[in-house]
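The values are calculated or read from the model by the stated rules, or taken from the named source; none is laboratory data. Bear in mind the structure is a predicted one, so any value in this text is a computation, not a measurement. Here Cβ is always computed from backbone atoms with ideal geometry, including for glycine, and neighbour counts include all displayed protein chains. Surface accessibility is based on the protein's heavy atoms, side chains included, excluding ligands, DNA and RNA. Shrake-Rupley method; radii C 1.70, N 1.55, O 1.52, S 1.80 Å.
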Amino acid sequence: MKALQNVKGKKVSVLGAARSGLAAARLLKNKGAHVFVSDRAPARQKQDALEFLTREQIDHEFGQHSPRVFEADFCVLSPGIPVASEVVQEMLKRHVPVVSEIEVASWFYEARLIAVTGSNGKTTTTTLIGEMLRRRYPQAVVAGNIGQPFSDFADQGTNDVWGVVEVSSFQLETIDQFHPDQALLLNYAPNHLDRYASYEDYMEAKWRITKNLQPDDRFIYNAADPEILKRLPRLSCQKSGFHIDGDEQAEIYFKNGVIFLQGRPFINVDEMGLKGVHNYMNAMAAILAARYAGVSEKDIKAVLKTFTGVEHRLEFVRELKGVRFINDSKATTVESLYYALQSFKQPIILIAGGKDKGSDFSKLNEQIAGKTKAVILIGAATEKMQKAWQGIKPLYVEQTLEEAVQKAYELARAGDVVLLSPACASFDMFKDFEDRGRQFKEIVRRLE
């Protein structure tokens, strides 16, 4: 059993009053800490958070980070606030430890834990593992960057079950004791380069998922990713690789339409609910994780045959006059859009754009040329995307998502796919990618 952290009587500053910060604040207060939540946004923009903190009787401030935040034994940092920010740097200068919400939650979570990170596929893989775990462990927790803060479930773990948590590079930057029994690194691809000094820094942040792995723990990794392979010798734990290109040295691999496990055919992908090469990679990672967590192969296969995906990830919305509408709002990277375009044989009218994360959109030129019929751009990255894709296929610029959907429907013909797959963050126009996806679905459902 894990040794639980004693925070009773400790003074804690929580920076950021979004979902994870509020969840950590409530958890720590319930454990006896004196919690102070600070958010720079004005209270009028944070009404839900204000009501939550008032209801929970947690001390708070909005509109600033006052000097009081530094009067703490430690600080919990919301993932939306960069470590490089002035307030965090001042915290570190004063030798106040700064940790993430997943770190705090892990202090109190007693079950065995699987942690999933990677540039693409985290949410699908985490959800899939969760479905598999629940076949054997009905109380298994599925949480983290997937949408439900880990702290909300920290008291629910018992040492005879497993849970799974999705973790981002931002959350991993400020872990200390966070110690999963299995760590999954799905892939590396340039992402969040607006927040990291270099791609190397971003990759090292992801690699921190391995920080506390012990010899008996397991690292599950993409054996086709050279950057992961380069770092592999650093680890002394158990290692299990998956490979998409039929490398028979990998513990699990995909070849000729079949997923092979330890050299024997495991499942034909035609039997699976998930489709697309990227999802075969996600499935292989999930198979390994669930199997090493004690889930039977029969139960793993049963889930693979029925699981069709997660909301906002290549999600079918409706078909109208022969035109299919697909919500892929979770695609916030160039690589995610690449996989989305590869998933359809029909002509695609693409809706893309949002807040650029330092991406190179020209990497998609070949796919834009071969897969799309037209591209409709919205959001802050419009000019950069136009520059990358000008002259390849017809480009249209719209001011709102509603106008973009109307334009796409106007251009579409029976047999076409209208695909929202932004390759950008959502924060220029929306609360988050979920808000963007739900608005897209509402607009599509109103079409006649």
Positive-end extreme of charge dipole, the range 30-169 - chosen from 50, 32, 121 (charges on Cβ): 121
Relative packing of peptides 161-169, 84-92 - highest average C-beta neighbours within 10 Å first: 161-169, 84-92
Probe 1.4 Å, accessible area per residue of the range 251-400, Å²: 41
Protein accessible area in the range 328-448, 1.4 Å probe - carbon and sulfur %: 47
Two-site FRET efficiency, residue 442 against residue 50, from Cβ-Cβ distance with R₀ of 25 Å, rounded to 0.05: 0.40
Full-extension gain in nm, residue 366 to residue 66, via 0.36 nm per residue minus C-alpha separation: 103.0 nm
Charge dipole (debye, nearest 20) of the chain; +1 at Cβ of Lys and Arg, -1 at Cβ of Asp and Glu: 480
Computed [θ] at 222 nm, helices only, for the chain once each DSSP H run of length n ≥ 4 contributes -39500 (n - 2.57): -9500 deg cm²/dmol
Ranked packing of 320-327, 122-129, most packed first, by mean Cβ within 10 Å: 122-129, 320-327
For the range 5-70, share of DSSP beta bridges that run antiparallel, in % to the nearest 5: 0
Backbone N within the range 375-405 under 20 Å of label point (7 Å from residue 413 Cα along the Cβ vector): 375-376, 392-396
Isotropic mean projected area of the C-alpha convex hull, the chain (nm²): 21.5
Equivalent-ellipsoid semi-axes of the range 302-448, from the Cα gyration tensor, Å, largest first: 21, 17, 16
Carbon plus sulfur fraction of accessible area for the range 262-319, probe 1.4 Å, in percent: 48
Rg(Cα)/(2.2 N^0.38 Å) for the range 383-423, N = residue count: 1.23
Accessible surface, per residue, of the range 27-159 when the full set of protein chains is kept, probe 1.4 Å, Å²: 43
